[in-house]
Amino acid sequence: MNVIESILSKDELTRQDITLLLQANDEDKAKLFAKSAEVKEKHVGKRVYFRGLIEMSNICSKNCYYCGIRSGNQNFSRYNLSDDEVVDAARYSWENNYASIAIQTGEVCGSAFTQRIVNLLKKINAATNSELGITLSMGEQTEDTYREWFENGAIRYLLRIESSNRELYSKLHPNNQTHDFDKRIECLRSLRRVGYQVGSGIMVGLPFQTIDNLADDLLWLKEMDVDMVGLGPYVEHPDTPLYKYQNMLLPLEERFALSLKVIAILRILMKDINIVAPTALQAIDKLGREKAIKIGANVVMPNVTPGLYRNDYKLYDNKPCVDDAVDDCKKCLEARIQLTGDEIGYNEHGNSKHFARRTKIVP
Ligand code: SAH
Ligand code: SF4
């Protein structure tokens with residue numbers, strides 16, 4: 001048994017084990033992926049759940065250094081879908097048996113925005129017989145806002161920590177109160193108190209990020225006991241401050257390979273959570289999401305945003321599928337998932353088994 005095989009046979013992984021797995025060579029990587037695929041099959045099954053992704057608006061009050069839709073970027077046009085457009089996209093997801101949607105936006109706070117989302121949740125539920133599992137990803141809000149949205153039908157919330165290392169976090173964000181590391185963690189705790197299935201995640205291959213940082217991120221996700229994770233490669237955007245560090249980045253293919261390793265290790269560490277196969281993987285490799293599904297991911301987010309706006313929700317460069325019609329996305333994903341050998345959980349919410357276990361609700 002070589003070192004990697006003996007690590008993979010253990011019940012608990014140490015920080016050092018994780019760093020060795022992250023650096024595994026191709027032969028050992030295949031062993032890691034075989035193990036993570038086995039864990040996935042045993043604990044969550046060979047099944048993939050859809051979340052119709054609605055990119056509601058690219059208007060954002062924040063200025064994260066990595067993100068293409070940061071408020072400081074004036075090189076593109078801002079949009080805000082109407083309520084009807086959001087409800088139509090939700091209805092499309094429901095009629096096509098996706099069973100779940102995820103609404104994502106730039107971060108906007110305040111009572112008008114809170115109320116808009118409350119009304120929107122009501123409209124979506126009225127239009128879809130309250131049958132959709134609704135995920136929100138709308139950044140940092142007050143606990144009261146999170147609660148109001150929860151009480152009006154949102155059941156999952158995705159808020160990535162981006163990096164669990166305070167120092168690295170401060171290199172990725174302006175150092176002010178609206179980009180405060182502790183506040184982000186406090187938001188994750190609020191979400192959990194309110195009762196959401198809580199999702200977080202990181203970007204892989206960021207400037208200044210080390211293998212040790214990634215190992216700590218993985219252990220942090222485990223310690224936070226999250227129910228879902230969305231993580232993916234950092235893809236630089238030319239109109240962002242972080243772009244100036246592009247020379248210190250790993251080549252895109254290596255960021256891609258590292259992201260897959262992180263997903264595989266996460267599956268081994270957190271056996272029954274939901275893990276998203278991120279679209280950013282596909283920005284690098286056409287089969288990126290399928291590869292992630294094979295080695296541990298079990299959620300994909302087909303884009304159901306009206307095509308007109310998709311090109312303007314560019315968090316990163318080379319975003320795939322911006323020209324596809326909604327129906328094309330569905331057909332293309334179906335075919336792609338078939339290739340992985342997994343089934344699509346149509347008409348199933350596909351809630352996090354981990355959440356069910358920790359809250360003792362039968363899934
Ligand atoms: N405004 C919300 C949700 C939208 S941003 C929020 O920030 O939580 C969603 C995610 O896009 C972010 O969490 C970040 O991880 C990812 N993202 C932003 N810029 C990116 C980039 N350049 N490369 C890869 N992912 C990026
Ligand atoms: Fe806004 Fe989210 Fe982008 Fe930060 S990552 S600038 S909060 S959309």
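Whenever a residue of the stretch 272-294 is in contact (Cβ under 8 Å) with a residue 40 or more places away in the chain and closer than 20 Å to residue 41 by Cβ, its partners that are within 16 Å of ligand 2 (Cβ to nearest atom) and small (Gly, Ala, Ser), lying with C-beta atoms within less than 6 angstrom and at least six residues away or across chains, give the pairs 276/230. Just one of (1) out of contact with any Ser or Thr (no Cβ under 6 Å at 6 or more places or on another chain); (2) at pLDDT 95 or above fails for residue 75. It is (2). Of all residues in the stretch 221-245, those being more than 16 Å from ligand 2 (Cβ to nearest atom) and free of Cβ contacts under 8 Å to residues at least 24 places away in the same chain number 2. Residue count for the stretch 238-258 satisfying the condition of being within 10 Å of ligand 1 (Cβ to nearest atom) and surrounded by 22 or more Cβ atoms within 10 Å (Cβ to Cβ): 1.
Across the stretch 46-62, the qualifying residues are those that are within 16 Å of ligand 1 (Cβ to nearest atom) and among the aliphatic types (A, V, I, L, M), and the one among them that is farthest from the chain's Cα centre (by Cα) is 59. Looking across the stretch 278-299, the residues that are of a type in the set (A, V, I, L, M) and at pLDDT below 95 come down to 280, 281, 283, 284, 287. The condition (being in contact with a Ser or Thr (Cβ under 9 Å, 6 or more places away or on another chain) and of a type in the set (Lys, Arg)) is satisfied by just one residue among 244, 171: 171.
Of the residues making up the stretch 179-210, those that are surrounded by 15 or more Cβ atoms within 10 Å (Cβ to Cβ), in contact (Cβ under 8 Å) with a residue 40 or more places away in the chain and assigned to a helix (DSSP H, G or I) are 179, 184, 187, 190, 191, 194.
Residues of the stretch 96-139 being within 22 Å of residue 351 (Cβ to Cβ), outside any strand (DSSP E or B) and within 16 Å of ligand 2 (Cβ to nearest atom), which ones? 117, 138, listed by residue number. Scanning the stretch 63-87 for residues that are away from ligand 1 (no atom under 16 Å from the Cβ), touching a residue at least 12 places away in the same chain (Cβ under 8 Å) and exposed (fewer than 14 other Cβ atoms within 10 Å of the Cβ) returns 77, 83.
Tell me the residue from 134, 161 that is under 25 Å from residue 275 (Cβ atoms), hydrophobic (A, V, I, L, M, F, W, C) and either more than 14 Å from ligand 1 (Cβ to nearest atom) or surrounded by fewer than 20 Cβ atoms within 10 Å (Cβ to Cβ) (or both), please. Within the list 134, 161, the selection yields 134.
Per the conditions (1) assigned to a helix (DSSP H, G or I); (2) surrounded by fewer than 21 Cβ atoms within 10 Å (Cβ to Cβ); (3) away from ligand 1 (no atom under 14 Å from the Cβ), the sole criterion not satisfied by residue 90 is (2). Among the residues in the stretch 299-311, are any buried (at least 22 other Cβ atoms within 10 Å of the Cβ), farther than 24 Å from residue 105 by Cα and in contact (Cβ under 8 Å) with a residue 40 or more places away in the chain? No: the stretch 299-311 contains no residue that is buried (at least 22 other Cβ atoms within 10 Å of the Cβ), farther than 24 Å from residue 105 by Cα and in contact (Cβ under 8 Å) with a residue 40 or more places away in the chain.
Comparison of 37, 24 shows that the only residue that is away from ligand 2 (no atom under 16 Å from the Cβ), surrounded by 16 or more Cβ atoms within 10 Å (Cβ to Cβ) and part of a helix (DSSP H, G or I) is 37. Hey, any hits in the stretch 316-330 for a residue that's in a helix (DSSP H, G or I), over 29 Å from residue 271 (Cβ atoms) and small (Gly, Ala, Ser)? There is no residue in the stretch 316-330 that is in a helix (DSSP H, G or I), over 29 Å from residue 271 (Cβ atoms) and small (Gly, Ala, Ser).
The values are calculated or read from the model by the stated rules, or taken from the named source; none is laboratory data. Keep in mind it's a predicted model, so treat the numbers as computed, not measured. Methodologically, a virtual Cβ is constructed for each residue, glycine included, from the backbone with ideal geometry; neighbour enumeration extends over all protein chains shown.
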